[in-house]
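Q: The structure's right below; bear with me while I get my questions together.
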Amino acid sequence: MDNNMTQMRPTISVVIATYNRAKMVREAVLAAWGQTLKPDEIVVSDDCSPDNTLEVLRELQKEIPILKIVENAKNSGGVPNWNRVIEASTGDLIAWCSDDDMFTPDHLENALKVFVSDKTVDFLHAGFINSNCRDDGTAVIEKSPLKSNEPIVISDNSIIEYMAKYFNWPFHPSTWIFKRKVWMSCGPFDSSYELSDTDFFIRTGFKHKLIYAPYYGVINRRHSGNWSNRVGSVNMHREFNAAIKNAYIEIQRRKLALGINNFSLLDRQFRKWKNAYGLRVLRIFISRSRAGYFEQASAAAKEVRDNFGLLTTIPSWIRRLLVITVMKSLHFAQKYFLGGLGKYNNFGKDFPA
(Lines give C-alpha, C1' and ligand atoms only; values in the text may rest on other atoms or scores of the structure.)
Protein backbone atom coordinates (compact mmCIF):
# COMPACT_ATOMS: atom_id res chain seq x y z
CA MET A 1 0.00 0.00 0.00
CA ASP A 2 1.20 3.50 -0.83
CA ASN A 3 3.06 5.14 2.10
CA ASN A 4 1.03 8.35 1.85
CA MET A 5 -2.18 6.34 1.99
CA THR A 6 -0.92 4.44 5.01
CA GLN A 7 0.05 7.63 6.85
CA MET A 8 -3.30 9.30 6.14
CA ARG A 9 -5.44 6.26 6.80
CA PRO A 10 -8.17 6.04 9.45
CA THR A 11 -7.29 4.16 12.62
CA ILE A 12 -8.46 0.55 12.81
CA SER A 13 -9.70 -1.38 15.84
CA VAL A 14 -10.03 -5.16 15.62
CA VAL A 15 -12.69 -6.26 18.13
CA ILE A 16 -13.20 -9.81 19.40
CA ALA A 17 -15.82 -10.90 21.95
CA THR A 18 -14.86 -14.25 23.49
CA TYR A 19 -16.09 -16.95 25.82
CA ASN A 20 -14.43 -20.25 26.68
CA ARG A 21 -12.36 -20.58 23.51
CA ALA A 22 -8.80 -20.09 24.70
CA LYS A 23 -7.07 -21.82 21.79
CA MET A 24 -9.27 -20.33 19.08
CA VAL A 25 -9.18 -16.77 20.42
CA ARG A 26 -5.38 -16.97 20.63
CA GLU A 27 -5.28 -17.86 16.94
CA ALA A 28 -7.78 -15.09 16.12
CA VAL A 29 -5.62 -12.49 17.90
CA LEU A 30 -2.43 -13.71 16.22
CA ALA A 31 -4.11 -13.53 12.81
CA ALA A 32 -5.16 -9.93 13.52
CA TRP A 33 -1.65 -9.05 14.70
CA GLY A 34 -0.12 -10.72 11.62
CA GLN A 35 -1.93 -8.53 9.10
CA THR A 36 0.01 -7.00 6.22
CA LEU A 37 -1.53 -3.73 7.45
CA LYS A 38 -1.29 -3.67 11.24
CA PRO A 39 -4.38 -2.52 13.18
CA ASP A 40 -4.01 0.27 15.73
CA GLU A 41 -5.53 -1.82 18.49
CA ILE A 42 -6.90 -5.31 19.09
CA VAL A 43 -9.62 -5.32 21.76
CA VAL A 44 -10.78 -8.62 23.28
CA SER A 45 -13.62 -8.77 25.78
CA ASP A 46 -13.77 -11.94 27.87
CA ASP A 47 -17.22 -12.92 29.16
CA CYS A 48 -16.04 -14.69 32.35
CA SER A 49 -14.64 -17.74 30.56
CA PRO A 50 -14.25 -20.79 32.84
CA ASP A 51 -11.23 -22.01 30.85
CA ASN A 52 -7.78 -20.36 30.66
CA THR A 53 -8.78 -17.68 28.14
CA LEU A 54 -7.60 -14.79 30.33
CA GLU A 55 -4.24 -16.41 30.98
CA VAL A 56 -3.76 -16.95 27.26
CA LEU A 57 -4.65 -13.33 26.50
CA ARG A 58 -2.30 -11.99 29.16
CA GLU A 59 0.55 -14.02 27.70
CA LEU A 60 -0.24 -12.65 24.25
CA GLN A 61 -0.26 -9.12 25.65
CA LYS A 62 3.44 -9.49 26.45
CA GLU A 63 4.12 -9.97 22.72
CA ILE A 64 1.43 -7.71 21.29
CA PRO A 65 1.54 -4.19 22.76
CA ILE A 66 -1.68 -3.09 21.03
CA LEU A 67 -3.74 -5.88 22.64
CA LYS A 68 -6.34 -4.51 25.07
CA ILE A 69 -8.17 -6.94 27.36
CA VAL A 70 -11.63 -6.24 28.78
CA GLU A 71 -12.80 -8.47 31.64
CA ASN A 72 -16.52 -8.68 32.33
CA ALA A 73 -17.51 -8.80 36.01
CA LYS A 74 -20.18 -11.41 35.24
CA ASN A 75 -21.21 -13.47 32.24
CA SER A 76 -23.48 -11.48 29.93
CA GLY A 77 -24.84 -14.40 27.93
CA GLY A 78 -23.30 -13.30 24.65
CA VAL A 79 -24.75 -10.34 22.78
CA PRO A 80 -24.10 -7.70 25.49
CA ASN A 81 -20.44 -8.73 25.30
CA TRP A 82 -20.49 -7.92 21.59
CA ASN A 83 -21.61 -4.42 22.48
CA ARG A 84 -19.06 -4.06 25.22
CA VAL A 85 -16.06 -4.91 23.05
CA ILE A 86 -17.05 -2.33 20.46
CA GLU A 87 -17.72 0.31 23.12
CA ALA A 88 -14.21 -0.33 24.46
CA SER A 89 -12.62 0.33 21.06
CA THR A 90 -11.41 3.69 19.76
CA GLY A 91 -10.64 3.27 16.04
CA ASP A 92 -12.23 5.16 13.16
CA LEU A 93 -12.89 1.77 11.56
CA ILE A 94 -14.16 -1.23 13.52
CA ALA A 95 -13.13 -4.66 12.24
CA TRP A 96 -15.27 -7.37 13.79
CA CYS A 97 -13.92 -10.89 14.28
CA SER A 98 -15.66 -13.82 15.99
CA ASP A 99 -13.42 -15.61 18.46
CA ASP A 100 -13.51 -18.85 16.46
CA ASP A 101 -12.52 -17.26 13.13
CA MET A 102 -9.26 -15.87 11.72
CA PHE A 103 -8.56 -12.99 9.33
CA THR A 104 -6.76 -13.81 6.11
CA PRO A 105 -3.35 -12.03 6.13
CA ASP A 106 -4.33 -9.10 3.87
CA HIS A 107 -7.92 -8.57 5.01
CA LEU A 108 -7.38 -5.15 6.57
CA GLU A 109 -5.23 -3.94 3.70
CA ASN A 110 -7.77 -5.00 1.09
CA ALA A 111 -10.62 -3.41 3.03
CA LEU A 112 -8.80 -0.13 3.54
CA LYS A 113 -8.24 0.18 -0.22
CA VAL A 114 -12.03 0.14 -0.64
CA PHE A 115 -12.64 2.78 2.04
CA VAL A 116 -9.88 5.04 0.68
CA SER A 117 -11.03 4.73 -2.94
CA ASP A 118 -14.71 5.41 -2.15
CA LYS A 119 -15.32 7.72 0.79
CA THR A 120 -19.09 7.11 0.59
CA VAL A 121 -18.75 3.47 1.70
CA ASP A 122 -19.60 3.10 5.39
CA PHE A 123 -19.68 -0.67 5.80
CA LEU A 124 -17.79 -3.49 4.06
CA HIS A 125 -18.07 -7.24 4.10
CA ALA A 126 -16.27 -9.84 2.00
CA GLY A 127 -15.95 -13.50 1.05
CA PHE A 128 -14.70 -16.24 3.33
CA ILE A 129 -12.88 -19.56 3.39
CA ASN A 130 -14.44 -22.49 5.25
CA SER A 131 -12.37 -24.61 7.58
CA ASN A 132 -14.58 -27.62 8.33
CA CYS A 133 -13.27 -28.86 11.68
CA ARG A 134 -13.56 -32.56 12.44
CA ASP A 135 -13.64 -34.26 15.82
CA ASP A 136 -10.20 -35.78 15.22
CA GLY A 137 -8.60 -32.33 15.01
CA THR A 138 -8.29 -32.24 11.22
CA ALA A 139 -9.97 -29.70 8.98
CA VAL A 140 -11.12 -29.61 5.38
CA ILE A 141 -10.49 -26.24 3.71
CA GLU A 142 -12.82 -24.95 1.01
CA LYS A 143 -13.35 -21.52 -0.47
CA SER A 144 -16.96 -20.42 -0.44
CA PRO A 145 -17.63 -19.06 -3.97
CA LEU A 146 -17.48 -15.29 -4.22
CA LYS A 147 -20.85 -13.67 -4.84
CA SER A 148 -19.44 -11.59 -7.66
CA ASN A 149 -16.20 -10.56 -9.33
CA GLU A 150 -17.22 -6.94 -8.87
CA PRO A 151 -18.24 -5.04 -5.71
CA ILE A 152 -21.96 -5.19 -4.85
CA VAL A 153 -23.49 -2.00 -3.42
CA ILE A 154 -26.33 -2.47 -0.93
CA SER A 155 -28.77 0.23 0.19
CA ASP A 156 -32.32 0.63 1.48
CA ASN A 157 -33.57 -0.04 -2.06
CA SER A 158 -31.85 -3.41 -2.25
CA ILE A 159 -31.19 -4.76 1.27
CA ILE A 160 -34.23 -7.09 1.34
CA GLU A 161 -33.58 -8.36 -2.18
CA TYR A 162 -29.92 -8.91 -1.30
CA MET A 163 -30.86 -10.95 1.76
CA ALA A 164 -33.24 -13.05 -0.34
CA LYS A 165 -30.79 -13.60 -3.20
CA TYR A 166 -27.93 -14.65 -0.93
CA PHE A 167 -30.10 -16.31 1.69
CA ASN A 168 -27.66 -19.11 2.50
CA TRP A 169 -24.81 -16.74 3.43
CA PRO A 170 -25.83 -13.07 2.99
CA PHE A 171 -22.77 -12.00 4.98
CA HIS A 172 -20.06 -13.29 7.26
CA PRO A 173 -19.80 -11.03 10.33
CA SER A 174 -16.08 -11.72 10.77
CA THR A 175 -15.47 -9.91 7.47
CA TRP A 176 -17.28 -6.78 8.65
CA ILE A 177 -15.39 -3.51 8.77
CA PHE A 178 -17.44 -0.40 9.37
CA LYS A 179 -17.03 3.24 10.24
CA ARG A 180 -17.63 4.32 13.81
CA LYS A 181 -20.50 6.54 12.65
CA VAL A 182 -22.35 3.35 11.67
CA TRP A 183 -22.11 2.13 15.25
CA MET A 184 -23.22 5.52 16.54
CA SER A 185 -26.32 5.55 14.31
CA CYS A 186 -27.26 1.82 14.19
CA GLY A 187 -25.78 0.21 17.30
CA PRO A 188 -25.94 -1.39 19.74
CA PHE A 189 -26.66 -5.02 18.89
CA ASP A 190 -30.21 -5.87 19.95
CA SER A 191 -29.96 -8.57 22.63
CA SER A 192 -33.56 -9.65 21.99
CA TYR A 193 -32.06 -11.50 19.02
CA GLU A 194 -29.61 -14.31 19.67
CA LEU A 195 -28.23 -13.67 16.18
CA SER A 196 -28.39 -9.92 16.44
CA ASP A 197 -25.69 -9.51 13.81
CA THR A 198 -28.38 -10.14 11.16
CA ASP A 199 -30.63 -7.42 12.58
CA PHE A 200 -27.64 -5.04 12.78
CA PHE A 201 -26.65 -5.73 9.16
CA ILE A 202 -30.19 -5.07 7.93
CA ARG A 203 -30.61 -1.90 10.00
CA THR A 204 -27.30 -0.66 8.64
CA GLY A 205 -28.47 -1.43 5.11
CA PHE A 206 -31.31 1.06 5.15
CA LYS A 207 -29.25 3.87 6.69
CA HIS A 208 -25.78 3.54 5.15
CA LYS A 209 -23.97 2.50 1.99
CA LEU A 210 -22.85 -1.10 2.35
CA ILE A 211 -20.55 -2.88 -0.05
CA TYR A 212 -19.64 -6.49 -0.69
CA ALA A 213 -15.96 -6.64 -1.64
CA PRO A 214 -14.98 -9.64 -3.78
CA TYR A 215 -12.00 -11.01 -1.86
CA TYR A 216 -11.54 -13.61 0.89
CA GLY A 217 -11.36 -11.82 4.22
CA VAL A 218 -11.68 -14.53 6.85
CA ILE A 219 -11.24 -18.21 7.60
CA ASN A 220 -14.59 -19.40 8.92
CA ARG A 221 -14.16 -22.34 11.28
CA ARG A 222 -17.21 -24.61 11.17
CA HIS A 223 -17.52 -26.81 14.24
CA SER A 224 -20.18 -28.20 16.54
CA GLY A 225 -19.69 -25.32 18.99
CA ASN A 226 -20.56 -22.58 16.48
CA TRP A 227 -22.93 -19.96 17.87
CA SER A 228 -25.44 -20.56 15.07
CA ASN A 229 -25.39 -24.31 15.72
CA ARG A 230 -26.17 -23.65 19.38
CA VAL A 231 -29.07 -21.37 18.48
CA GLY A 232 -30.42 -23.93 16.01
CA SER A 233 -31.15 -23.54 12.34
CA VAL A 234 -34.91 -23.04 12.63
CA ASN A 235 -34.62 -20.46 15.41
CA MET A 236 -31.87 -18.75 13.43
CA HIS A 237 -33.99 -18.45 10.30
CA ARG A 238 -37.03 -17.43 12.31
CA GLU A 239 -34.94 -14.52 13.61
CA PHE A 240 -33.85 -13.67 10.06
CA ASN A 241 -37.51 -13.52 9.05
CA ALA A 242 -38.44 -11.28 11.98
CA ALA A 243 -35.57 -8.89 11.19
CA ILE A 244 -36.62 -8.66 7.54
CA LYS A 245 -40.25 -7.98 8.50
CA ASN A 246 -39.09 -5.19 10.81
CA ALA A 247 -36.94 -3.79 7.99
CA TYR A 248 -39.90 -3.88 5.60
CA ILE A 249 -41.98 -1.82 8.05
CA GLU A 250 -39.13 0.62 8.74
CA ILE A 251 -38.36 1.20 5.04
CA GLN A 252 -42.06 1.86 4.42
CA ARG A 253 -42.10 4.35 7.27
CA ARG A 254 -39.00 6.15 5.96
CA LYS A 255 -40.43 6.37 2.44
CA LEU A 256 -43.75 7.71 3.71
CA ALA A 257 -41.84 10.38 5.63
CA LEU A 258 -40.27 11.39 2.30
CA GLY A 259 -43.69 11.54 0.62
CA ILE A 260 -43.21 8.27 -1.31
CA ASN A 261 -46.42 6.20 -1.41
CA ASN A 262 -45.52 3.63 -4.08
CA PHE A 263 -44.25 0.41 -2.49
CA SER A 264 -44.49 -1.90 -5.52
CA LEU A 265 -40.72 -2.49 -5.71
CA LEU A 266 -40.47 -3.03 -1.96
CA ASP A 267 -43.43 -5.44 -2.02
CA ARG A 268 -41.85 -7.46 -4.85
CA GLN A 269 -38.63 -7.70 -2.89
CA PHE A 270 -40.48 -8.81 0.22
CA ARG A 271 -42.27 -11.54 -1.77
CA LYS A 272 -38.89 -12.76 -3.00
CA TRP A 273 -37.77 -12.90 0.61
CA LYS A 274 -40.84 -14.91 1.69
CA ASN A 275 -40.26 -17.42 -1.08
CA ALA A 276 -36.56 -17.73 -0.25
CA TYR A 277 -37.40 -18.16 3.42
CA GLY A 278 -40.00 -20.83 2.76
CA LEU A 279 -37.68 -22.80 0.51
CA ARG A 280 -34.85 -22.55 3.03
CA VAL A 281 -36.87 -23.95 5.93
CA LEU A 282 -38.18 -26.66 3.61
CA ARG A 283 -34.57 -27.60 2.91
CA ILE A 284 -33.91 -27.71 6.65
CA PHE A 285 -36.94 -29.97 7.09
CA ILE A 286 -35.61 -32.38 4.47
CA SER A 287 -32.02 -32.46 5.72
CA ARG A 288 -32.93 -32.84 9.41
CA SER A 289 -35.40 -35.58 8.54
CA ARG A 290 -32.76 -37.42 6.56
CA ALA A 291 -30.33 -37.12 9.47
CA GLY A 292 -32.94 -38.39 11.95
CA TYR A 293 -33.16 -35.10 13.89
CA PHE A 294 -36.93 -35.13 14.06
CA GLU A 295 -37.38 -32.38 16.65
CA GLN A 296 -35.61 -29.88 14.39
CA ALA A 297 -37.44 -31.24 11.34
CA SER A 298 -40.82 -30.79 13.05
CA ALA A 299 -40.01 -27.17 13.89
CA ALA A 300 -39.04 -26.56 10.26
CA ALA A 301 -42.27 -28.19 9.07
CA LYS A 302 -44.25 -25.75 11.22
CA GLU A 303 -42.39 -22.80 9.66
CA VAL A 304 -43.11 -24.13 6.16
CA ARG A 305 -46.79 -24.56 7.01
CA ASP A 306 -47.07 -21.08 8.54
CA ASN A 307 -45.15 -19.41 5.71
CA PHE A 308 -47.12 -21.00 2.86
CA GLY A 309 -50.40 -21.61 4.67
CA LEU A 310 -50.28 -25.33 3.89
CA LEU A 311 -52.58 -27.99 5.34
CA THR A 312 -54.43 -25.46 7.47
CA THR A 313 -57.87 -26.88 6.64
CA ILE A 314 -57.23 -30.41 7.85
CA PRO A 315 -57.25 -31.61 11.50
CA SER A 316 -54.02 -31.16 13.41
CA TRP A 317 -53.65 -34.88 14.14
CA ILE A 318 -53.66 -35.63 10.40
CA ARG A 319 -51.04 -32.92 9.83
CA ARG A 320 -48.83 -34.44 12.52
CA LEU A 321 -49.25 -37.92 11.01
CA LEU A 322 -48.32 -36.66 7.55
CA VAL A 323 -45.23 -34.86 8.87
CA ILE A 324 -44.08 -37.92 10.84
CA THR A 325 -44.61 -40.17 7.82
CA VAL A 326 -42.58 -37.88 5.54
CA MET A 327 -39.79 -37.45 8.12
CA LYS A 328 -39.38 -41.16 8.72
CA SER A 329 -39.55 -41.95 5.00
CA LEU A 330 -36.77 -39.44 4.28
CA HIS A 331 -34.69 -40.86 7.13
CA PHE A 332 -35.20 -44.40 5.85
CA ALA A 333 -34.15 -43.36 2.34
CA GLN A 334 -30.99 -41.67 3.64
CA LYS A 335 -30.07 -44.62 5.83
CA TYR A 336 -30.49 -47.34 3.23
CA PHE A 337 -30.36 -45.75 -0.23
CA LEU A 338 -28.64 -42.34 -0.06
CA GLY A 339 -25.25 -43.17 1.42
CA GLY A 340 -26.01 -43.75 5.09
CA LEU A 341 -25.79 -41.43 8.08
CA GLY A 342 -22.01 -40.97 8.16
CA LYS A 343 -22.18 -37.54 6.53
CA TYR A 344 -23.96 -36.22 9.66
CA ASN A 345 -21.57 -37.53 12.31
CA ASN A 346 -19.18 -34.63 12.88
CA PHE A 347 -20.96 -31.30 13.16
CA GLY A 348 -23.62 -31.56 15.84
CA LYS A 349 -27.29 -32.36 15.78
CA ASP A 350 -28.43 -29.20 13.99
CA PHE A 351 -25.59 -28.58 11.58
CA PRO A 352 -26.17 -30.56 8.35
CA ALA A 353 -27.11 -28.30 5.46
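Q: With charges only on Cβ, +1 for K and R and -1 for D and E, what is the dipole size of the chain about its Cα centre, in debye, rounded to 20? Walk me through the intermediate numbers first.
A: Working: 46 positive and 37 negative charges, 324 e Å.
Using Cβ point charges on Lys, Arg, Asp and Glu, the chain gives about 1560 debye.
Q: Answer with one residue from 130, 182, 171: the one whose Cα lies farthest towards the positive end of the charge dipole of region 121-221, charges on Cβ with Lys, Arg +1 and Asp, Glu -1.
A: 182
Q: Tell me the label only: which of [x] -0.76, -0.84; [y] -0.62, -0.73; [z] -0.67, -0.81 is log10 I(q)/I(0) by the Debye sum over Cα atoms at q = 0.10, 0.11 Å⁻¹ as calculated from this structure?
A: [z]
Q: Please report the carbon-and-sulfur percent of the accessible area for region 158-208; probe 1.4 Å, protein heavy atoms only, DNA, RNA and ligands left out. Intermediate values should be presented prior to the final figure.
A: On the way: 900 of 1680 Å².
For region 158-208, the apolar C and S fraction of the accessible surface comes to 54 percent.
Q: Counting only residues 5 or more places away or on other chains, whose amide H sits under 5 Å from the amide H of residue 103 once H atoms are built in the peptide plane?
A: So residue 103 has HN proximity to 32, 219.
Q: Have a look at 240, 285, 321 and report the one farthest towards the positive end of the charge dipole of the chain, computed about the Cα centre with Cβ charges (Lys/Arg +1, Asp/Glu -1).
A: It is 321.
Q: Still on this model: Under the definition of Cα pairs under 8 Å and six or more residues apart, what whole-number percent is the relative contact order of region 1-110?
A: That works out to 43 percent.
Q: At a 1.4 Å probe, what is the % contribution of carbon and sulfur to the accessible area of region 1-97?
A: C and S atoms contribute 49 percent here.
Q: Each residue of region 322-329 in order: what ³J(HN,Hα) in whole Hz does its phi give by Karplus 6.51 cos²θ - 1.76 cosθ + 1.60, θ = phi - 60°, with x for Gly and Pro?
A: 5, 4, 4, 4, 5, 4, 5, 5
Q: So if I place +1 on the C-beta of Lys and Arg and -1 on the C-beta of Asp and Glu, and nothing else carries charge, what would the dipole magnitude of region 192-289 be about its Cα centre? I want it in debye, nearest 20.
A: Roughly 240 debye for region 192-289.
Q: Which Rg and Dmax, in Å, describe the Cα atoms of region 1-123?
A: 14.6, 45
Q: Here is a further query. As an exercise, use a Förster radius of 51 Å and the Cβ-Cβ distance of residue 254 and residue 38 to find the FRET efficiency, rounded to the nearest 0.05.
A: After rounding to 0.05, the efficiency reads 0.85.
Q: Pick from 162, 336, 215: which residue has the top mean-square fluctuation in a GNM of the chain where Cα pairs under 10 Å get a spring?
A: For the chain, modelled as a Gaussian network with Cα springs under 10 Å, the answer is 336.
Q: Can you give me the long-range amide H partners of residue 17? Hydrogens built in the peptide plane at 1.01 Å from N, cutoff under 5 Å, separation of 5 or more residues or another chain.
A: So residue 17 has HN proximity to 45, 97, 99.
Q: Restricting to lysines 8 or more places apart or on different chains, can you count the pairs in region 197-322 with Cα atoms under 15 Å from each other?
A: 4
Q: Let me ask another. What is the magnitude of the charge dipole of region 6-142 about its Cα centre, with +1 placed on the Cβ of each Lys and Arg, -1 on the Cβ of each Asp and Glu, and no other charges, expressed in debye to the nearest 20?
A: Using only the charged Cβ atoms, the result is roughly 280 debye.
Q: Give me the distance in nm between label points sitting 7 Å out from Cα along the Cα-to-Cβ direction at residue 215 and residue 245, one decimal.
A: 4.0
Q: Could you state the accessible area per residue of the chain in Å², with a 1.4 Å probe and every protein chain left in place?
A: 47
Q: OK, next. How many nm is it between the label spots at residue 190 and residue 155, if each spot is 7 Å from the Cα in line with the beta carbon?
A: It is 2.4 nm.
Q: For residue 51, enumerate residues with amide H under 5 Å from its amide H, sequence gap 5+ or separate chain, H modeled in the peptide plane.
A: Hits under the 5 Å cutoff: 20.
Q: In sequence order, what are the phi-derived ³J(HN,Hα) couplings for region 183-199 according to the Karplus relation 6.51 cos²θ - 1.76 cosθ + 1.60 with θ = phi - 60°, rounded to whole Hz, with x for glycine and proline?
A: Values per residue, Gly and Pro as x: 5, 5, 9, 10, x, x, 4, 7, 6, 6, 9, 6, 10, 6, 5, 5, 4 Hz.
Q: Would you work out which of 275, 257, 220 lies farthest towards the positive end of the dipole of the chain? Charges go on Cβ: Lys and Arg +1, Asp and Glu -1.
A: About the Cα centre, the residue reaching furthest to the positive side is 275.
Q: Ordering 46, 118, 92 by accessible area with a probe of 1.4 Å, largest first, what comes out? Can you show the working numbers first?
A: On the way: 46 5, 118 45, 92 80 Å².
Largest to smallest exposure gives the sequence 92, 118, 46.
Q: Next question, about the same structure. Given only helices, namely DSSP H runs of n ≥ 4 each adding -39500 (n - 2.57), what is the per-residue ellipticity at 222 nm of the chain, to the nearest 500 deg cm²/dmol?
A: Calculated mean residue ellipticity at 222 nm is -15000 deg cm²/dmol.
Q: Which of rounded, prolate or oblate describes region 177-219 when judged by the alpha-carbon gyration tensor and an a/c cut-off of 1.5?
A: The shape class here is oblate.
Q: Here is a further query. Once phi is turned into θ = phi - 60°, what whole-Hz ³J(HN,Hα) does the Karplus curve with 6.51, -1.76 and 1.60 give for every residue of region 115-121, x standing for Gly and Pro?
A: 5, 6, 6, 9, 5, 7, 6
Q: Also, quick follow-up: Could you compute how much accessible surface residue 119 exposes when probed at 1.4 Å, giving the result in Å² to the nearest 10?
A: 140
The values are calculated or read from the model by the stated rules, or taken from the named source; none is laboratory data. Please read these numbers as outputs of a predicted model, since none were measured by experiment. Reconstructed Cβ throughout: ideal geometry from the backbone, glycine too, with neighbour counts over all protein chains shown. Remember, those area values only see protein heavy atoms, side chains included, never the ligands or the DNA or RNA. Shrake-Rupley method; radii C 1.70, N 1.55, O 1.52, S 1.80 Å.
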